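Take this structure, written in structure tokens, and hold onto it; I'll ask about it next.
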Amino acid sequence: MCGIFAYLSYFVEKDRRYVTDTLLKGLSRLEYRGYDSAGIAIDGDGETETVIIKEVGKVSALRAKVDGSELSWDKKYSVQTSISHTRWATHGQPSPINAHPHRSDDVNEFTIVHNGIITNYKELRTLLTNKGYSFESETDTEIVAKLLKYVFDSQRGQHISFPDLAKAVIKELEGAFAFLFKSVHFPGEVVAARRGSPLLIGIKAVDNQTADFVNVEEIVNAVAASSINEDKNPAYAKRAQSRSFARPDGSSQPLEYFLASDPSAIIEHTQRVLYLEDDDMAHITNKGDLHIYRLRRDDGLSSIRSIKTLEMELAAIMKGNFPHFMLKEIYEQPESVVNTIRGRVDFNKHTVVLGGLRNYLASIRRCRRIVFTACGTSFNSCLATRAIFEELTEIPVSVELSSEFLDRKSPIFRDDVCVFVSQSGETADTILALRYCLERGALCVGITNTVGSSISRETHCGVHINAGPEIGVASTKAYTSQYLALVMMALQLGEDRISMTERRREIINGLRELPNLVKEVLALDSSIKDLSQTLYQQKSMLVLSRGFQSATCLEGALKIKELSYIHCEGIMAGELKHGPLALIDEHIPIVIIMTMDAYYPKVQSALQQVRARKGDPIVICNTDDTNIDDAVVKTIRIPHTVDCLQGILSIIPLQLLSYHMATLNGVDVDFPRNLAKSVTVE
Ligand code: UD1
Ligand code: M6R
């Protein structure tokens, strides 16, 4: 998914090499989001010049192009603004022309980067074409650069401020965006705006204590008239209150800003960040002052944006000694499950307290039903925990794919509780489903891994799963932590049911053992790697089970297909006779998950049906299962735990298997083709 990064410096000398290095490093931190091309726009040699460099492929390819350019590297700036972008193609093929930054004209008067989609770009493109503009790219974004120039030129010499201009342009746009605008007409200034796509501002000042919040100014000024902009009413114009990071004595201090789509690109420069809300527009002036305005005069949002201290460590987002983020994240699971549980479970009293839900328990318990909504792996975590949720709470639970739920426009009522599960907290389909449910008055609960994400902020309450940053596109540790968070939510909701006391004790005791059991499963890695040698050249595979393990089949199959590019289907064993049995022969590789729970006899019968048709499955079973003869059947033996937690252990061999099959197939596991970590478009 597209990534935005900008570097602005004031009253501190920086040379061009430093600026480009900072941009390229920022972009490389965003690589995990998935992208196909990248570009930068920096100040040129003259005050009114902007240089754009773009390239297809990885940030390293862009670096090579920057290094090979004619730029003079001894250029020094006392004030400079530079913007950059990684693009994930939506409108138009990956190509240098379609990459961002986009520009208004061939002398780069306005340069912009964009994350999101402008849905009315065709109409605007036609309008601008009729006014004599020609377009060089196939993107929706380029119309915004052209529109900036069009509105600016239509002022015919009258002064218009950069934020007024930006607001007039944004008013014409439909869709979702995070934008950064830069212009030779406003040297030293940058305008940033968001609606639907994340954007945050890192602030690095010598004296960082000068402010811990920024006022939101209601409106910029009366927006200057243009033939496109109809908003000529200055009645509600309010005098701007500047938020300056000047020293207390008023003198200017060296100041740097880092704007980005997510904190991983900022954290190495500063921990002080400000998250923009939807419809916020930030303006950084040529004096380094930061102003925040609203693009809409609505809502009861706070009138300040606080500057927070990020607690994320850069080390946490580096690979450590692992060859890939994915493997590192699989191996982090003994710690990540502890982090999800930490401070929330009392193992002596056998109670669970999720701080984020405490004030909402009564409302949730009163609800008519619970609707889980999510995509991909997050959806599978909902499926994995539905049974225990219903068992412990006696509230009916339905599980919805966000996109399907929206397509269906499913009825939602005030007495429904809707739970939105998302690692990133930025998945567009899930955010749209959330907004749909908010409009209908349902209580909305988030389960996310990303503090400050859209879902975390827009839900009424929720649970942060605290799994730490997940960078590999394939979700692994977030799955096991989402699973745990949902089980803990069910435990907390069901705490008033006396009849369930024993069951809750059993599960809470199981939680205590879990981290060690995860370690035991990870110790199987080398035998799973050997197994992957026999499978990685296959064209198709099946993963089969039922009951508590149904979701593990779907999640395991998703991992295998997204990473190994091998067709793989998760099959509910109860459905075998209703069709899939026709696929079984001695050739097709099959994994059967047969752990010791109430469904064991039924899965055993599926195993027999498969073997009767010459199938030779690999069986994931418990270490204490004596019914299976390892001399006859290939097994992966995992420790036994409580039925509803077993899926946390049984998914790990499939995560490892998919990882090894992918590496044997030469796949870039952290960035599988055509996929992005954070899917911020519908
Ligand atoms: C919180 C603190 C944690 C601290 C603990 C001490 C945060 C982010 N967490 O954790 O650092 O150690 O108290 O008691 O400051 N929320 C949503 N939607 C979501 C996720 C969360 O609205 O999708 C809300 C929750 O309702 C809550 C807040 O965000 O109001 C923090 O949630 P969470 O981090 O899960 O709370 P605690 O575990 O209590
Ligand atoms: O960030 P989210 O949890 O909302 O993402 C949802 C899916 O895009 C995600 O789980 C995806 O399926 C995984 N990359 C699969 O490994």
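Every read-out reported here was derived from the displayed coordinates using simple, explicitly stated rules and does not represent laboratory data. Please read these numbers as outputs of a predicted model, since none were measured by experiment. Because the Cβ atoms are built from the backbone with ideal geometry, glycine has one as well, and the counts that use them run over all protein chains shown.
Quick one: helix 550-564 against the long Cα principal axis of the chain, what's the angle to the nearest 10°, folded into 0 to 90?
It works out to around 50 degrees.
Shifting gears a bit: Suppose R0 equals 25 Å. What FRET efficiency, 1/(1 + (r/R0)^6) with r the Cβ-Cβ distance, do Arg296 and Phe11 give to the nearest 0.05?
On the way: r = 34 Å, r/R0 = 1.34.
E(calc), rounded to 0.05, equals 0.15.
Could you tell me which Cys residues in the chain have no other cysteine's Cβ under 4.7 Å from their own Cβ, answering none if every one has a partner?
Singleton cysteines: Cys2, Cys367, Cys375, Cys382, Cys444, Cys461, Cys553, Cys568, Cys621, Cys644.
May I pose another question? Could you tell me the relative contact order of segment 69-180? Use alpha-carbon pairs under 8 Å, at least six residues apart, and round to a whole percent.
Details: 127 pairs, mean separation 33.9, N = 112.
Relative CO of segment 69-180 lands at 30 percent.
Starting from the Cα of Asp407, move 7 Å in the Cα-to-Cβ direction to define the label point; list residues of segment 363-386 whose amide nitrogen is under 14 Å from there.
Under 14 Å, as judged by backbone N against the label point of Asp407, lie 376 of segment 363-386.
Please give the FRET efficiency for Gln537 paired with Glu513, using the beta carbon to beta carbon distance and R0 = 56 Å, rounded to the nearest 0.05.
0.90
Still on this structure, I have one more. Only bridges whose two residues both fall in segment 372-469 count here: according to DSSP, what percent of them are antiparallel, nearest 5?
Beta bridges within segment 372-469, antiparallel portion: roughly 0 percent.
Here's a follow-up. For the chain, what is the mean residue ellipticity at 222 nm derived from helices alone (per DSSP H run of n ≥ 4: -39500 (n - 2.57); sum divided by total residues; nearest 500 deg cm²/dmol)? Before the final figure, lay out the partial values.
Details: 18 runs with 215 residues, N = 682.
Value at 222 nm, helices only: -10000 deg cm²/dmol.
Next question, about the same structure. How long is the gain from Leu675 to His91 if the chain were fully straight, where each residue apart is worth 0.36 nm and the alpha carbon distance is subtracted?
On the way: separation 584, 0.36 × 584 = 210.24 nm, distance 1.59 nm.
Working it through step by step, the gained length comes to 208.7 nm.
Which one, Pro469, Gly574, Gly376, projects farthest toward the positive side of the charge dipole computed for the chain from Cβ point charges (K/R +1, D/E -1)?
About the Cα centre, the residue reaching furthest to the positive side is Gly574.
Which loop trypsin sites (Lys or Arg not before Pro) in segment 593-651, with loop taken from DSSP, have no more than 11 other Cβ atoms within 10 angstrom of their Cβ? Walk me through the numbers before you get to the answer.
On the way: sites: Lys602, Arg611, Arg613, Lys614, Lys634, Arg637; in loops: Arg613, Lys614.
For trypsin sites (Lys or Arg not before Pro) across segment 593-651 that sit outside H, G, I, E and B with at most 11 neighbouring Cβ atoms in 10 Å, the list reads Lys614.
Relative contact order for the chain: what percent, with Cα pairs under 8 Å and sequence separation of 6 or more? Spell out each step's value before the answer.
Values: 1488 pairs, mean separation 77.6, N = 682.
Answer for the chain is 11 percent.
When the Cα centres of segment 324-367 and segment 503-566 are compared, how far apart do they sit, in Å?
The two parts, judged by their Cα centres, are 21 Å apart.
Once the Cα atoms of helix 525-535 and of the chain are each reduced to a long axis, what angle between those two axes, in degrees from 0 to 90 to the nearest 10, is obtained?
90
Now for a separate question. Working out 0.36 nm times the residue gap between Ser134 and Arg358, then minus their Cα-Cα distance, what length gain in nm do you get to one decimal?
Values: separation 224, 0.36 × 224 = 80.64 nm, distance 5.70 nm.
My answer for the length gained is 74.9 nm.
Now for a separate question. For Gln158 and Lys287, FRET efficiency with R0 = 25 Å and r from the beta-carbon atoms, rounded to 0.05?
Values: r = 23 Å, r/R0 = 0.91.
Between Lys287 and Gln158 the formula returns 0.65.
Need one number: the % of Cα-Cα pairs in the chain sitting beyond the 44 Å mark. Can you show the working numbers first?
Values: 64104 of 232221 pairs.
That tail contains 28 percent of the Cα-Cα pairs.
Now for a different question. Please go through segment 17-85 and write out the GluC sites (Glu not before Pro) that DSSP classes as loop and that have at most 12 other C-beta atoms within 10 Å.
On the way: sites: Glu31, Glu47, Glu49, Glu55, Glu70; in loops: Glu47, Glu49, Glu70.
Loop-located and lightly packed - Glu47, Glu70.
Would you work out the relative contact order for segment 380-495, in percent, from Cα pairs under 8 angstrom that are 6 or more residues apart?
Values: 174 pairs, mean separation 31.7, N = 116.
After rounding, I find 27 percent.
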